[in-house]
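The values are calculated or read from the model by the stated rules, or taken from the named source; none is laboratory data. Bear in mind that the values here come from a model prediction, so they are computed numbers and not experimental data. Glycine also receives a Cβ, built like all others from the backbone with ideal geometry; neighbour counts cover every protein chain displayed. These area figures cover heavy atoms from the full protein model, side chains too; ligands, DNA and RNA do not enter into them. Shrake-Rupley method; radii C 1.70, N 1.55, O 1.52, S 1.80 Å.
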Amino acid sequence: DQINIAYLSMPVVDLGPDTMVCTGSTLALSAAGPGYSYLWQDGSLNPSFTVTGPGLYWAEVGNGTCTTRDSITVGYKPRPSVQLGNDTTICAGETINLDASWPGASYLWQDGSLSPILNASTAGSFHVTVNLNGCSVQDTIQVAVMPLPSVDIGNDTTVCPGEPVTLNASVPGGGYLWNNGSTLPVLTTSAPGTYAVLVTANGCTAPDTCVVSNFNLQSVNLGPDQTICAGSSLRIGVSVPGAIYIWGTGATSDSITVSSAGTYWVEASLNGCTVRDSINVAVTPLPVFSLGPDFAICPG
């Protein structure tokens, strides 16, 4: 009698070395082979198994009467967290700090920066990849830039004393706050000084400043009224450097000489400002007397 004995090949299964994966990740384990049957640690019979948490995982593979088992230990590493915040809008000239800080992590921003914090002052899409022990997360934020309101209350100006100046800060939909407490879009003033306004529109604020000055036109003063003797004259005048003069007599010099009674006035103009003064001049007649005719007397 005889008997033939054959050896079946043992099924091959290799789930790989023990490994660590990042929190939130899955790991696909495969024991697939031709004609095999499968049994996983949870009783499932599929050729593959998806790991979703830490633990010991094994698969038993059979090709009939022969079975082989392999196991793997899967651990989970913590994954960093990053939150750049909601998409946002900033005002022109402002800077927003995008903070991706996480203890022990490394960083890579869209511009190649490796710092945990990126300062953004322009519009665009900003994203960062944060890596901790091989586990990485990403976040993106859209930044829009709103233009500042265009406010112009004019250049510094110099006007005649008492002359009103209108400062207009109006912009569509704007809100206003002047340094004198006014909240109107237009301010009219005749007082010299520095005027500043803050204009807010669409959440953005822009300042502007204007200095109002008065021309320094000194007072024109011809002095007190005068009385002169008949036949004599009086010089009257003023001195305002750079001014233009006009007298009631039609003269345009800075002084005139008078010898008759009357009211005399002068106007001095400088930088569009005009001041006037006048003086009354009286003439007193000379006394009239006579010592009589010439005559001769005897000696002694």
Of residues in the range 1-37 being surrounded by 11 or more Cβ atoms within 10 Å (Cβ to Cβ) and not in a loop (DSSP other than H, G, I, E, B), the one nearest to the chain's Cα centre (by Cα): CYS22
Residues of the range 50-67 classified as more than 30 Å from ALA6 (Cβ to Cβ) and open to solvent by less than 40 Å² (accessible area, probe 1.4 Å), total: 4
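So that you can scan it fast, the table gives a plain yes or no per residue for (1) open to solvent by less than 20 Å² (accessible area, probe 1.4 Å); (2) of a type in the set (A, V, I, L, M, F, W, C); (3) touching a residue at least 40 places away in the same chain (Cβ under 8 Å):
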| position | (1), (2), (3) |
| --- | --- |
| PRO161 | no, no, yes |
| PRO164 | no, no, no |
| SER170 | no, no, no |
| TYR176 | no, no, no |
| PRO185 | no, no, no |
| SER190 | no, no, no |
| THR194 | no, no, no |
| VAL199 | yes, yes, yes |
Residues that are in contact with a strand residue (DSSP E or B) (Cβ under 6 Å, 6 or more places away or on another chain), β-branched (Val, Ile, Thr) and open to solvent by 60 Å² or more (accessible area, probe 1.4 Å), drawn from the range 107-157: ILE117, THR140
Looking only at the range 38-90, and only at residues there that are part of a strand (DSSP E or B) and among the aliphatic types (A, V, I, L, M), the one that is nearest to THR129 (Cα to Cα): ILE90
Selection within the range 91-136 - touching a Phe, Trp or Tyr at 6+ places or on another chain (Cβ under 8 Å) and assigned to a strand (DSSP E or B): LEU98, TRP109, LEU118, ALA120, PHE126, HIS127, VAL128, THR129, VAL130, ASN131, LEU132
Considering residues of the range 68-91 that are within 24 Å of PRO17 (Cβ to Cβ) and either of a type in the set (Asp, Glu) or surrounded by fewer than 16 Cβ atoms within 10 Å (Cβ to Cβ) (or both) only, the residue farthest from the chain's Cα centre (by Cα): ARG69
